[in-house]
Structure formats: structure tokens, C-alpha cells
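Note sheet for the following structure.
Here, each number is a calculation from the coordinates, and none is a lab measurement. The model shown is predicted, which means the values in this text are computed figures rather than measured ones. Reconstructed Cβ throughout: ideal geometry from the backbone, glycine too, with neighbour counts over all protein chains shown.
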Amino acid sequence: MTKQFSYKLLLVALSLSVSGCAVFQPKDKKGTAQTSEKSDSKDKNGIKPYDKVITKEAKSDEGLFTVHKVDDNYFYEIPDSLINREMLTVTRIAKTATGIGFGGGKQNTEVHRWEKKNNNILLRLVSHEIYAADSLPVHEAVVNSNFDPIIQSFAIKAISKDSINSSYVIDVTDLYTKDIQTLGLPDRTRKEYKVTRLDDSRSYIDTIRSYPENVEIRHVKTYNAGEPPSNASTGSISLEFSNSMILLPKVPMERRYFDQRVGWFARGQTDYGLDAQESKTVRYLDRWRLEVKDEDIEKFKRGELVEPKKQIVYYVDRATPKQWIPFIKQGINDWQVAFEAAGFKNAIVAKDPPTKEEDPDWSPEDVRYSVVRYLASPIPNANGPHVSDPRSGEILESDINWYHNVMTLLRNWFFVQTAAINEDARGVQFKDEVMGRLIRFVSSHEVGHTLGLPHNMGSSVAYDVEDLRDPEFTKKYGTAPSIMDYARFNYVAQPGDGDVALMPEIGVYDKYSISWGYRPILDKKGKEEKETLDQWILKHAGDPMYRFGSQQRSVIDPSSQTEDLGSDAVLASQYGIANLKRIVPNLIEWTAEDGKNYDDLSTMYGQVLGQYNRYMGHVAANIGGVYEMYKTYDQEGAVYTHVATEKQKNAMKFLETELFQTPEWLIDQEIFNKVEFDGNMERVRNFQERTLSNLLDFGRMARLIENSEVNGRNAYSLINMMTDVRSGIWSELNRGGAIDAYRRNLQRAYLSRMEYLMTEEQPSRSGGWGSAGSRIDVAQSDIRPVVRGELVTLQRNIRNAANRSNDQLTRYHLLDALERIDLILNPIAKG
């Protein structure tokens, strides 16, 4: 049978099956089952004749393996040529219960290998975490320390032989119906929902489909759970899992090694074969295999753009609403300019998938196709995961998950950040061309992830704040040098600034990073590339347009934050608040629609509060902040430097003015009387308290102490910060007069936080920079003496003010504050 005829036969077989659950059709009489050698019906070492296992009733599907369904059992027919070949198995949640992740969420990625041992086929788990070249003596030690565990053993049920090779038939039903943790629910989720066991009676295989380079398995698992997140009356959770078993290339792609100065998704491997006196972890990029055609090498050397041997192709899901398809495609094609910087033309392209009539067997699950998948989900998000070869970092396939309600997220961002200057954003239902432009922006961002680029949160500070108000500058450079930053929309621009750009596009940094990661270095490979790659980095060293800043969980470096714009957080936030003050009085009008309730008004007011709170966070991060600028030994200057004293002082003044003094402009009774019966005072207290707790954080205080030791009197010290906070929050003590309810709430929040600082320890956190924050032994530090001193000073000031106050509620509040302080300072005596 020719390969062409066999493939056509596969297409016909699959085309008959797409509409039903029974995806397998009876094998043609000329198929593999009928070409196997005849043998008698007597078992030989437990191995039966082929036709006694794969009967005429079998429904078979040819591909990487031939998959057979006989009654309720599933069999793999694995050719000898695939024994000992490595395969990447990706486990995802295909369908989920409410509260457990989302459809498409990756749960596990592992390398598996099928191995023949006597009359059994073993499925082994392969690790590439440690390595030594097989030409080195240490290779034997590495192998002995990295024995591949066996996931499951399968008895060979039958053997099929033809003129080329043999194939081994195994029953894999239990692999997907029993509780094999590596292919189902991970341990972390089991612990969260107190899963006890798998319920076999409510678990089953849905489909197994075989494609030329992968096998796709869908199976439903039901677990008994003590604390299910939804449908608790069942005492269980049911999920549909997708396992993709993908054949890895025989010859891995050449690696390109990671450098933290250029942001990139990378993986690590401990190499014991290096010429070093210790084991070291080497890291290498996740990237697509883009290669110059042999006939174009001379053109490439001359600097001409060439087409790669194989394009990066993204298909847009058939389920995508037609009006959004052109915008999603454009977001993909926008990356052409970045690949041109790497020397390639037409390197990436968006396509429509074939229709069912053109190719009934085309499937987004086929690993040969990368797809933007449109999901009918209320999740307001999109994400761009990819699957890569752990041996080399080669990206094999990517599916961008596009959830329907990402449009809600875009609407809310665009409204709250641009409505003050942009009529197109004044409403809750945008025109298609406006929403389409926003969709294109998100499409580009997510595609960037699938190309290997992480978030670059250090990008947006490259621009002066005033440049973001300049139409000429923003039209040329967008609002940030990288679309991979979370620099959403231009909240800095003011009415009257003209036709400024409102969002980032593929920018200077994006072109640079794609060029650095993808431009072929023809005369070198692997570690030989380092000198050239270093030269490319040093060419732009010190230029903020080419800087990479990592994403932080706890912000230590204020120049690498999410959702911020410009080099001066105080000035940018002042402009942002000025625009919010323009939006709030118009919220009712801009969300109005006859016959509609006030849900949209409530939502958009919440968006205003959220945006306002972001500004507080952007500014607060400068206090006790430390810049992180990645460098190597051949670059001058420090990697870590404290934020300048003047900048920290300005940040504190901003917080006192814009937050600790009650933001009256946010308190709009016309809005409140339409969306709530109470809660406004509590809301204001909440976001004041949030920033106050962020300021009075053990890690931040530790950095302020260290700054004083490093820079002496020139530093903005812990005492400076604590004095400024106390003076700002308790300013009425010097002025006299009544203290209103908002300020009383804030002052009580201050006392609660001071009690926390006196009694608690720094929470235990795992992770590195930006995750754990600065570590400090609170009890052995200067923190509690300083807090105690501040409380004693405050106690004295309150006593004086209480005796002078003529407002009864203010006096009660101050007397209560005295009692609270006394309890903090003398807990044992009071106890």
C-alpha cells in the first residue's frame, strides 16, 4: 500500500466518524490486520493470534499508532520503529467543573517512552533534568542516577508483522480509566479539594484519535472529594481530560542559550559534562525551528530577507465569530515586522482552517496545527501556551485559548483608561471596529507568548510621561517599546492633546528580542553563539528601550510593574486621576440605556476604583524600592540600586494628598443611590487600608533600614517613612477640629497595622526575586523599636488633642485610640 493511498484511506475513514462519539470505523480488509502472519489459535507466551485480538468488529484509526476499539476496550498497535522513541505527553483539562481552572488549562507535561521488555511493553517516564554527553565517562553515572520510572506495564496481546517491521498490540484501557495520576488530576488539586479516590463507575474513555504525529485521548474522570468547589451535594468532581502524546524529533533542534538580559521563556538542565568543577544548570530558549533554506544562505549572508524552510502558521478556529476573524489574523501577522528584523520574510502567517468539505479530518487537536481556539466561556481572559521539546526547547505546537468574555475585559480597560479623551470608549457596547482593534491588540500579545516571549514589565518606563501626550511620538513608538508589557491603554493623555496613540504595538524591544532569539548565526551553533549574542546585547546596553524587566509578584523594583506607563509614576498617576475625575461625573450618562438596570453603572464605578487603586500601588512601590538592572561582569555599574531619596519623598507626598486625605471626588451620592444601599465608607476604608498595609510591609521596612546603612543620612530611612505616614494620617492632631468618619476609619486601620507589626512575623513565602520579597527577622531588627517609638509619640499627641477637642465623636475616637495604643504597648499588663 503506498503512503499516498494509505493517507487517503485514513481521510475517508475519519470523515465518516466526525459526527458521532464512535470515532473509529471498521478497518478495510486490505488493512494491516489482514496482512499479518497467520498463526494457530493457541496462545504463545500469552500472545494470541492477531485476528483473535483485533476482531472483524474492531473500529480502527491509523496514525502515529493504529488505535483499535473492540467493544469497550482500546488497543494501541505500536510499530517496532517507535519502540524507544521519546514522546511528549501534555495533559490538559478539556472540560471542567465550576471553580476548577478552565478548559484548555495545562496540568502536566512529561516525556514518555515505550519500551519492549520480554513479552511486555513498558511505558516509562523520562527525565531530561540532568545530563552528560554519552561520549563522557560521567554519562554512566548520570544514567545510573536517573533511572526512568515505569508508569505502567502492558502485556503484548498480539503481534502484527509485515514486510517492513513488527507492531505490538497492547490493551491501554486501564491507562485512561484507572487513577494514573500523571495523566489526570495533579496532586496539588487533589489536596485542595480533598480528593480521596477515583470512582471507576463514573469514569470512562470518550475518544482516542490517532494523527500522523500524535495521539489524542479524551477521558472523563470522576473523583470523590471532601470539598468540591461546586455541586457539593455530589461529594465529587468530574472533569474531562485531554492527553496529547506527541512524537519528538529524532534529531533535536540546536539550542540557543538563555541570557537574563533578554526576556525569554526558557528551560533548565543540570549538565554534569561541563568543563567545570561543579554541576551547573544550563538554560536554553523555547523557540520555533526557523531555518534558512540551503539555496538562500548566500542571500541571507548578504542581508536579504529570506523565507524559512517552514513557516509558523496559525489557524483561526472555525467557531470564531466572523466579525472578529480579520482582527485576530492581523494580530498574528503583526509579528511579521519582528521576524524581518531577524532576517526572515513571511515567517509567520494566519490562515483559515479548511472547511469540513475541503478536509473533513482537519482537527485543532492535531499537533501539526497551531490554532487560535475560540471558547464559549465566561472567563474574561486569553492565554497563549505552547508545547516544546524539553531536549532542545523547540516549540512544536501552540494553541491560543480565546475566551468569549475577553471582550468584557477589553471594554472595561478601554473605558476606564481612555473615555476621558476618547468618545469611542464612552459606553458599554463598542462599535465592531473599535472592539476589533482591541482584539487585534490582545491577539498580538498572546501570539508573542507563543513565540517564546514572557511579559516584559520593564518596558513602559522607557518613555517620559510627557511623551505619552505627544501625538507624533506615540504614533511612531506606541505607548511602550514592547507589546509584551502590561501597558494597556494610554491613561496619561489629556483632553486637547490631539490624536495620540492609545495602545502599544509591536515595538522596538519586540523586534530586538525576536531578532536575538531567532536570527540564525550560520557559522556557529549552541554555545559557540554566545560571543555574537553578547555583542547584540551590549550594542544596546543602557538604552531603556531595549531593557527587559521581569514580572514580580511582590513589587520590589518600581520600574518593572504591571499596568503602569512612563518613567515617573507620580506624574503619570496624577494625569490618570485627572482623567478619572472627568469620568466619574459622566458615569451615569455613559452607561445609560432605557429599560436597563444599573448593573453596568456599578461595574464601571468598580473599574474606576480599581484603576485608582493601581495608581496608588504604582507610586507606593517607589518607597523602599530597589531597581534591578541585569548586567554581566563586562558591564559597569550595579545591578541593584535603591530608589533616589527625592523620588521616595515625592511618592509619600502623593499618597498623603491623593489617598490618605479622603478622595472626595470618588464619593458620588448620585451613583451610590442607584447601585447600593450602603457600603461606600467601607469601600474607601478598604483601598486606603490596602495601600497602608502595602507601605507598612516587613520587606519594605527591611529595605529602608538597609538603604540607611548603605547611603547614610542621604537615604530615605525607615524613621523618615514612619514619621511621614503618622503625620499624614493623624494631621488633625496638630490642626485641631473634628475628624470625619472616613479619617477615623483610616486612623483605626493604622493602629491595627501597627499592632500587626508589633506582634506578627514576616509570612513564609517561596520563590525568588519579586516573590518572597526581602527577608528579615522582625524580632531581631529595628522594626519594632521604631514602631514602638512612633506609637509613644502618637500617644502623646493624641492626649494633647483629646483635651482640646470640642467635637464629642472625635473625642470618643481619640480616647479609644489611646486605649488601643496602650493595649499594643502593654499587652501583658492589660491581659
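Odds and ends about this structure:
- Built amide H within the under 5 Å cut-off of residue 547, gap 5+: none
- Phi-based couplings in Hz for the stretch 711-726 (Karplus 6.51, -1.76, 1.60; Gly and Pro marked x): 10, x, 5, 6, 7, 7, 8, 4, 5, 4, 5, 5, 5, 5, 5, 4
- A simple rule links phi to the HN-Hα coupling: the Karplus curve 6.51 cos²θ - 1.76 cosθ + 1.60 with θ = phi - 60°, which for the stretch 515-529 gives 4, 5, x, 10, 4, x, 10, 5, 8, 9, 8, x, 5, 5, 6 Hz, with x for Gly and Pro.
- Extended-chain gain in nm, criterion 0.36 nm per residue less alpha-carbon gap, residue 735 and residue 748: 2.8 nm
- Taking amide hydrogens as placed 1.01 Å from N in the peptide plane, the amide H of residue 120 sits under 5 Å from those of 156, each at least 5 positions away in sequence or on another chain.
- In the stretch 183-227, trypsin sites (Lys or Arg not before Pro) in a DSSP loop with at most 12 other beta-carbon atoms within 10 Å: 194
- Scattering curve values for the stretch 611-657, log₁₀ I(q)/I(0), Debye with Cα scatterers, q = 0.15 Å⁻¹: -0.49
- Over 18 Å (Cα to Cα) - which of 106/310; 106/250; 293/525; 56/221 fall in this group: 106/310; 106/250; 56/221
- Hits among aspartates and glutamates - C-alpha to C-alpha of residue 161 under 20 Å, sequence gap 8 or more where chains match: 28, 37, 40, 43, 51, 61, 62, 77, 80, 115, 171
- Net length gained if the chain between residue 368 and residue 670 were fully extended (0.36 nm per residue, minus Cα distance): 103.1 nm
- Distance (nanometres) between label positions extended 7 Å along Cα→Cβ at residue 822 and residue 297: 8.8 nm
- Calculated FRET efficiency, residue 578 to residue 337, Cβ-Cβ distance, R0 = 30 Å: about 0.30 to the nearest 0.05.
- Computing FRET efficiency as 1/(1 + (r/R0)^6) for residue 571 and residue 645, where r is the C-beta to C-beta distance and R0 is 22 Å, gives about 0.80.
- Within the straight-line cut-off of under 20 Å between alpha carbons, the aspartates and glutamates reachable from residue 351 are 307, 317, 334, 340, 359, 361, 365, 366, 397, 399, 446, sequence neighbours fewer than 8 places apart in one chain being disregarded.
- Legend: ranking of residues 642, 404 from fewest to most surrounding C-beta atoms inside 10 Å; resulting order 404, 642.
- Using 0.36 nm per residue and subtracting the Cα-Cα separation, the extra length available between residue 127 and residue 678 on full extension is 192.6 nm.
- Residues residue 796 and residue 240, FRET efficiency given R0 of 60 Å [Cβ-Cβ distance, rounded to 0.05]: 0.35
- Amide N proximity, the stretch 402-442 versus residue 599 label position 7 Å along Cα-to-Cβ, cut-off under 20 Å: 403-416, 427-431
- With the cut-off at under 14 Å, measuring from each backbone N in the stretch 59-89 to a point 7 Å along the Cα-to-Cβ line of residue 161 picks out 80.
- Dividing the Cα radius of gyration of the stretch 503-643 by 2.2 N^0.38 Å, with N the residue count, gives 1.49.
- The alpha-carbon of residue 653 sits under 30 angstrom from the alpha-carbons of these lysines, leaving out residues fewer than 8 places away in its chain: 581.
- Per-residue Karplus couplings for the stretch 562-568, computed as 6.51 cos²θ - 1.76 cosθ + 1.60 with θ equal to phi - 60°, are listed in order as 7, 6, 9, 9, x, 7, 10 Hz, Gly and Pro entered as x.
- Set of the stretch 723-749 residues, backbone N closer than 17 Å to the point 7 Å along the Cα-Cβ line of residue 693: 745-749
- Binned Cα-Cα distance frequencies in the chain - 20 Å width, integer %: 13, 38, 34, 13, 2, 0
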